[in-house]
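*Asks:* My questions all concern the structure below.
Computed from the coordinates by the stated procedures, all read-outs in this text should not be read as laboratory data. From a predicted model like this one, the values you see are computed outputs, not experimental measurements. So basically every Cβ, Gly included, is an ideal-geometry build from the backbone, and we count neighbours across all protein chains shown.
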């Protein structure tokens, strides 16, 4: 019989897209105020992988990927998804969303995204939120799965996630060496949000 052990802290990430750069900036700022310092933010890139959102958002969508310095408990993901849903509502106009926010986390072995839609590869968490197993990390690289969205399987996204994971591994090592409290319990104030890809 194995003994239950506390889950290892994981790295919070979020993918955002909008047709308006200012709305994206407002959303990233709100996320930083809630979850602490952003230590990675991608350059704005066109979101062209699907026309699913065209009716709601219009064309010419811009996407940014962000990661946060403060590590979190994996079981906090439903709360984070519910909060980002409320943020989308707060930033909406005349009942229409202006931004889409997909939070998730990087662990050593995989990338998990939060979703409100269940499926065979999406185990239920709680409060109407499911976990989407989006990528596996094995043989020293992220690996797509049959259901992985094409944008997450692309080389540019894999490259960004790999750099974020490298930062995450260093954070875990530093935490172990310092024998400090879990990183997810340590509040970190927000700092400047850059307008081009950066990692700190």
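*Asks:* Please give, to one decimal in nm, the separation of the simple spin-label points placed at residue 116 and residue 8, each 7 Å out from Cα toward the Cβ.
*Replies:* In this crude label model, residue 116 to residue 8 measures out at 3.3 nm.
*Asks:* Under a point spin-label approximation (7 Å from Cα along Cα-to-Cβ), what is the residue 144-residue 53 distance to one decimal in nm?
*Replies:* Label at residue 144, label at residue 53, 1.9 nm between them.
*Asks:* Using the C-alpha atoms of region 52-144, what convex hull volume per residue, in cubic angstrom, is computed?
*Replies:* 138
*Asks:* Still on this structure: Where the eigenvalues come from the Cα gyration tensor of region 10-178, what are the semi-axes √(5λ) of the equivalent ellipsoid, largest first, in whole Å?
*Replies:* Calculated on Cα positions only, the semi-axes equal 24, 18, 17 Å.
*Asks:* Can you give the angle from 0 to 90° between the axis of helix 155-178 and the longest principal axis of the chain, with both taken from C-alpha atoms, to the nearest 10?
*Replies:* On a 0 to 90 degree scale, this one is about 40.
*Asks:* If you don't mind, another one. Would you mind checking the tilt of helix 21-35 against the longest principal axis of the Cα atoms of the chain, expressed as 0 to 90 degrees and rounded to 10?
*Replies:* So the inclination is approximately 30 degrees.
*Asks:* How much length is gained on full extension from residue 33 to residue 174, taking 0.36 nm per residue of separation minus their Cα-Cα distance?
*Replies:* This chain segment gains 48.3 nm when fully extended.
*Asks:* Please give, to one decimal in nm, the separation of the simple spin-label points placed at residue 20 and residue 136, each 7 Å out from Cα toward the Cβ.
*Replies:* Taking the simple label geometry, residue 20 and residue 136 are separated by 4.3 nm.
*Asks:* Report, in degrees rounded to the nearest 10, the 0 to 90 angle that the Cα long axis of helix 77-90 makes with the longest principal axis of the chain.
*Replies:* 20
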